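Undergrad: First, the structure itself, so that you have it in front of you.
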Amino acid sequence: MKSDQVKKGIERAPHRSLFKAMGYTAEEMGRPLIGIANSYNTIIPGHIHLDKIVEAVKAGIYMAGGMPVEFNTIGVCDGIAMNHIGMKYSLASRELIADSIEVMARAHAFDGLVLVPNCDKIIPGMLMAAARLDLPTVVMSGGPMLAGTHPETGEKISLVTVFEAVGAVKSHGLSEARLEALEDAACPTCGSCAGMFTANSMNCLTEAVGMALPGNGTIPAVMASRIRLAKAAGMQAVRLVQEDIRPRAILTEGAFQNALAVDMALGCSTNTVLHLMAVAHEAGVNMDLARINAVSEATPHLCSMSPAGTHHLEDLNRAGGIPGIMKRLLEADALIPEARTVTGKTVAENLASARVADPEVIRPVDRPYHRQGGLAILFGNLAPEGCVVKQSAVCEAMQVHEGPARVFDSEEAATEAVMSGAIHKGDVIVIRYEGPVGGPGMREMLTPTSAIAGMRLDAHVALITDGRFSGATRGAAIGHVSPEAMQGGPIALVEEGDPIRIDIPAKRVDLKLSEETLQQRLARWKAPVPRIRTGYLSRYAKMVASAAKGAIVR
C-alpha cells in the first residue's frame with residue numbers, strides 16, 4: 001500500500017508514534033489509509049451538514065476494513081459572495097481546493113480518497129484533484145436542499161426567486177414586506193440550492209462522469225438515504241483501493257462524452273463548460289468548445305429544471321434521478337455504455353435496473369422540451385474563441401436578436417443602470433473587464449440578470465459578458481466571451497450604441513462593424529490598470545488561462 005511509506009518498517013517508528021498520539025491503534029494502521037477531504041463549514045448552507053455526511057463516510061470505511069482520516073478544505077458560498085468583491089474569489093478558489101488536496105494526499109501517503117463537496121467551485125476543485133492525483137477516489141456530495149414554498153401562491157421556489165424579487169421591488173412591483181416573506185421561505189433546509197444551478201449541475205455530472213455512486217446528484221440533503229449513500233461511498237473507496245481502480249481509468253473521453261450528454265439533457269449551468277474542461281485537462285483528455293456544440297446538437301433537452309422550468313432536484317430524484325436520465329439517453333444510443341464508473345461496473349451495468357417514474361420530469365427522447373441540448377457555444381467576431389449561453393433558458397423571442405450595445409466596464413455599473421431604469425427593451429448590455437484576468441476572477445452576474453428578470457425585461461434585453469453567470473441565471477445571458485477584454489478581445493472595442501446581432505440557432509454573436517473599424521479601434525486600445533495588484537488574485541490573474549480553456553491555472 002502507498003501508506004506503507006508512513007506506517008511500516010523500523011524507520012517509520014516516529015511516524016507510527018505520531019499516529020498513536022491521535023489514538024490510532026496498530027490494527028488501524030494495518031488498514032488502507034483513506035483520506036476524507038471534508039469541505040464542512042458554517043458559512044455555506046450546502047456544507048453545514050457535511051460533518052454528518054463525513055461521519056457516515058467514516059463508518060463505511062471502517063466497515064470495509066479501511067482507516068479513515070479527515071482533513072478540511074476551504075469553500076465559498078456563491079450566493080453570499082455575490083455582487084461584491086467576494087465573487088472575485090469564487091472561481092479562483094477552485095484551484096486552491098485542488099492544490100490543497102494534492103498537498104494533503106501526497107504529504108501523508110493516502111491510499112485512497114473520499115471527496116466530500118456540495119457547492120459550486122468545491123466540486124470541480126475536488127474532481128480536478130482526483131484526476132491529478134489518480135488515487136482510488138469516490139466523490140460523495142451533500143445533496144440538494146428541498147424547494148421552498150411561496151407564501152402566497154404555494155408554488156415551489158428557491159433562492160433565485162429572492163434574487164429576482166429584488167428587481168421587482170426596484171420596479172415597484174413588490175413591497176419590501178413581501179420580499180422578506182420570500183427570503184424567509186426560499187431556503188427551508190440545508191443543502192445545495194434547490195434548482196439546476198451550478199452546484200447541483202456539477203453534483204449530477206459527477207455522477208454522470210462515473211466518479212460518484214448512483215443517487216449522488218439528486219438525493220435531498222435531509223433524506224436518510226443520503227446518509228446510507230455516504231456509508232456506501234466509504235465502503236466503495238476501500239474496495240477501489242483493493243481493486244486498484246483509479247480516476248484516470250474512469251475519466252476517459254467516453255466518460256466526458258457521457259457527462260456532456262447528461263448536461264444537455266438536464267439544461268445545466270453554463271459554468272459546467274469551465275469545470276468539465278478543467279477536469280478533463282487534469283485527466284489528460286482533450287475537450288474543446290466545438291465538441292460541446294456537437295453533443296448539444298445531438299442530444300435532446302429532456303428536463304425542464306428551475307430556473308428555466310418548474311421542476312426542482314427533489315422532483316428529479318423522485319422521477320428517477322441521473323440513472324433515469326441516463327437510461328433514456330442509453331436507449332437513444334446517446335451514451336458510451338462501456339465507460340467505467342466508481343461502482344466497479346460499466347455505465348450499462350449500472351443502468352440495468354434504472355427506470356423513469358415521471359415522464360414529465362424526465363421526458364422521453366421523442367418528446368423533449370427542446371430538440372437540442374441545454375447549452376450552446378456561440379462564435380463570431382465578438383467572440384472569436386467562443387462564448388456560452390444556456391439556450392434552454394432563452395425565450396423564443398430572444399433566440400435571434402439585434403440591438404444597440406449598452407457598454408459597462410464593471411458589473412456594478414451595469415447593475416446600477418438596470419436598477420435605475422436606464423436599460424430599455426431591445427438593448428444589448430455589454431459587461432466587460434470581468435474575465436478571469438480582467439476581473440480578476442471572472443465573477444458571476446446573477447444580480448444584473450436577476451434584476452432584468454425581476455423587472456420583466458428578460459424577454460426583451462440581452463446581456464453579453466466576458467464574466468460568467470450563476471446557474472440560477474435565465475434569459476439571453478451570454479458569458480465567457482473569449483478573448484476577454486483585458487487581453488484585447490473584440491469585446492474591449494465595443495462602443496455605446498454599436499449594433500450587436502445574436503443568432504443562437506446559427507451559433508453566432510457578431511458586432512456589426514467592419515473589420516477595418518475594429519482594427520482602428522484596436523490600434524487605439526490600451527489595457528486598463530489591473531484592479532487588484534497584491535495577494536492571491538494578483539498571482540491568479542498572471543497565471544490563469546482563457547475561459548475558452550476552462551480558466552485553468554497554467
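Undergrad: What number, in nm² with one decimal, is the all-direction average of the projected area of the convex hull of the alpha-carbon atoms of the stretch 359-406?
TA: For the stretch 359-406, averaging the hull's shadow over all directions gives 4.8 nm².
Undergrad: Can you tell me which of 452-460, 272-280, 218-226 comes out highest on packing, and rank the rest after it, using the mean Cβ neighbours within 10 Å?
TA: 272-280, 452-460, 218-226
Undergrad: Express in whole angstrom the spacing between the alpha-carbon centres of the stretch 127-159 and the stretch 29-72.
TA: With the stretch 127-159 and the stretch 29-72 each reduced to a Cα centre, they are spaced 17 Å.
Undergrad: Ok, one more. Before I look further, what does the stretch 157-224 give for accessible area per residue, probe 1.4 Å, in whole square angstrom?
TA: 32
Undergrad: Next question, about the same structure. Would you kindly find the accessible area of Val241, with a 1.4 Å probe and non-protein molecules such as ligands, DNA and RNA excluded, rounding to the nearest 10 Å²?
TA: Counting only protein heavy atoms, the figure is 30 Å².
Undergrad: For the stretch 272-379, state what percent of all Cα-Cα pairs lands in each successive 5 Å bin, counting from 0 Å until the bin that includes the largest distance.
TA: Distribution as computed: 2, 12, 17, 21, 23, 17, 7, 1, 0 percent.
Undergrad: Putting +1 on Lys and Arg Cβ atoms and -1 on Asp and Glu Cβ atoms, find which of Ala485, Ala527, Ala541 reaches farthest to the positive end of the dipole of the stretch 468-554.
TA: The residue sitting farthest along the positive end of the dipole is Ala541.
Undergrad: Please list 502-515, 175-188, 288-301 highest first by mean number of surrounding beta-carbon atoms within 10 Å per residue.
TA: Peptide ranking by packing, descending: 288-301, 502-515, 175-188.
Undergrad: State log₁₀ I(q)/I(0) for the stretch 1-45 at q = 0.17, 0.20 Å⁻¹ as given by the Debye formula over alpha-carbon point scatterers of equal weight, solvent excluded.
TA: -0.56, -0.67
Undergrad: With just the Cα atoms defining each centre, how far is the stretch 175-245 from the stretch 435-469? Give it in Å.
TA: When both Cα centres are located, 26 Å separates them.
Undergrad: If you place +1 on the Cβ of every Lys and Arg and -1 on the Cβ of every Asp and Glu, how big does the dipole about the Cα centre of the stretch 220-268 come out, in debye to the nearest 20?
TA: Around 300 debye, computed over the stretch 220-268.
Undergrad: In the neighborhood of Ile227, defined by Cβ-to-Cβ distances under 10 Å, what is the net charge if each Lys or Arg adds +1 and each Asp or Glu adds -1?
TA: +3
Undergrad: Contour minus end-to-end for Asn72 and Lys170, with contour as 0.36 nm per residue of separation and end-to-end as the Cα-Cα distance?
TA: Stretched fully, the Asn72-Lys170 segment lengthens by 31.2 nm.
Undergrad: For a quick check: with amide H placed at 1.01 Å from N, whose amide H comes under 5 Å from Gly380's, ignoring anything fewer than 5 positions away on the same chain?
TA: Gly386, Val509
Undergrad: Taking the Cβ of Ala56 as the centre, find all other residues whose Cβ is under 9 Å away and add up their charges (Lys, Arg: +1; Asp, Glu: -1).
TA: Once positives and negatives cancel, what remains is +4.
Undergrad: Using a 1.4 angstrom probe and counting only protein chains, how large is the accessible area of Cys193 in Å², to 10?
TA: Rounded to the nearest 10, the figure is 40 Å².
Undergrad: Above 26 angstrom, tally the Cα pairs of the stretch 348-462 and express them as a % of all pairs, no decimals.
TA: For the stretch 348-462, the fraction of Cα-Cα distances above 26 Å is 35 percent.
Undergrad: While we're looking at this one, here's another question. I need to check one value: relative contact order of the chain, counting alpha carbon pairs closer than 8 Å and at least 6 residues apart, in percent.
TA: Value for the chain: 14 percent.
Undergrad: Taking only Cα atoms, what is the 0 to 90° angle, nearest 10, from helix 289-298's long axis to the longest principal axis of the chain?
TA: Once rounded, one gets 90 degrees.
Undergrad: Using the Kirkwood formula on the Cα atoms of the stretch 502-554, what hydrodynamic radius do you get, in angstrom to one decimal?
TA: 14.5
Undergrad: Right, another one. Name the residue from Pro247, Gly30, Ile227 whose Cα lies farthest towards the positive end of the charge dipole of the chain, charges +1 on Cβ of Lys and Arg and -1 on Cβ of Asp and Glu.
TA: Farthest towards the positive pole: Gly30.
Undergrad: Sticking with this structure for a sec: Rg(Cα) of the chain divided by 2.2 N^0.38 Å?
TA: 0.96
Undergrad: Using a 1.4 angstrom probe with every protein chain in place, what is the largest-first accessible-area order of Lys2, Lys20?
TA: Lys20, Lys2
Undergrad: With θ taken as phi - 60° and the coefficients 6.51, -1.76 and 1.60, list the Karplus ³J(HN,Hα) couplings across the stretch 486-497 in order, rounded to whole Hz; mark glycine and proline as x.
TA: Whole-Hz 3J(HN,Hα) from phi for the stretch 486-497: 5, 9, x, x, x, 4, 6, 9, 5, 10, 3, x.
Undergrad: Around Glu314, under 15 Å between beta carbons, what's the net of Lys plus Arg minus Asp minus Glu among the other residues?
TA: Cβ neighbours under 15 Å give a net charge of -1.
Undergrad: How large is ³J(HN,Hα), in whole Hz, for each residue of the stretch 535-550 in order, when computed from phi with the Karplus curve 6.51 cos²θ - 1.76 cosθ + 1.60 and θ = phi - 60°, using x for Gly and Pro?
TA: x, 4, 5, 5, 5, 4, 4, 7, 10, 7, 8, 4, 4, 5, 10, x
Undergrad: Can you tell me how much longer the chain between Asp184 and Arg12 gets when fully stretched, taken as 0.36 nm per residue apart minus their C-alpha distance, in nm with one decimal?
TA: Net length gain for the segment: 56.4 nm.
Undergrad: Dipole of the chain, Cα-centred, from +1 at each Lys and Arg C-beta and -1 at each Asp and Glu C-beta, to the nearest 20 debye?
TA: Approximately 1240 debye in magnitude.
Undergrad: Let me know the shape class of the stretch 430-554, please: from the alpha-carbon gyration tensor, a ≥ b ≥ c as square roots of the eigenvalues, rounded when a/c is under 1.5, otherwise prolate if a/b is greater than b/c, or oblate.
TA: Judged from the Cα gyration tensor, the stretch 430-554 comes out oblate (a/c at least 1.5, b/c at or above a/b).
Undergrad: In whole percent, how big is the carbon plus sulfur part of the accessible area of the chain, probe 1.4 Å, protein atoms only?
TA: On the chain, the fraction of accessible area on carbon and sulfur atoms equals 53 percent.
Undergrad: Can you give me the long-range amide H partners of Gly320? Hydrogens built in the peptide plane at 1.01 Å from N, cutoff under 5 Å, separation of 5 or more residues or another chain.
TA: When sequence neighbours closer than 5 places are left aside, the close amide H contacts are Ala357.
Undergrad: Using mean Cβ contacts within 10 Å as the protection proxy, how do 305-315, 84-94, 136-146 order, highest first?
TA: Going by the mean number of other Cβ atoms within 10 Å, highest first, we get 136-146, 305-315, 84-94.
Undergrad: Pairs of alpha-carbon atoms within less than 8 angstrom and 6+ residues apart define the contacts here; what relative contact order does the stretch 417-554 have, in percent?
TA: Relative contact order comes out at 24 percent.
Undergrad: Starting at the first residue of the stretch 415-432, write each ³J(HN,Hα) from the Karplus equation 6.51 cos²θ - 1.76 cosθ + 1.60 with θ = phi - 60°, in whole Hz, x for Gly and Pro.
TA: 4, 4, 5, 5, 5, 7, x, 7, 9, 10, 3, x, 5, 10, 6, 10, 10, 10
Undergrad: Follow-up. Can you list residues from other chains, or at least 5 along the same chain, whose modelled amide H is less than 5 Å from the amide H of Ile336?
TA: Asn258
Undergrad: Picking from Gly435, Met398, Val418, whose Cα lies most toward the positive end of the charge dipole for the stretch 389-500 (charges on Cβ: Lys, Arg +1; Asp, Glu -1)?
TA: Result: Met398.
The values are calculated or read from the model by the stated rules, or taken from the named source; none is laboratory data. Predicted, not measured: the structure shown is a model, and the values here were computed from it. Please note: Cβ atoms are built from the backbone with ideal geometry, for glycine as well, and neighbour counts cover all protein chains shown. For accessibility, only protein heavy atoms count, side chains too; no ligands or nucleic acids. Shrake-Rupley method; radii C 1.70, N 1.55, O 1.52, S 1.80 Å.
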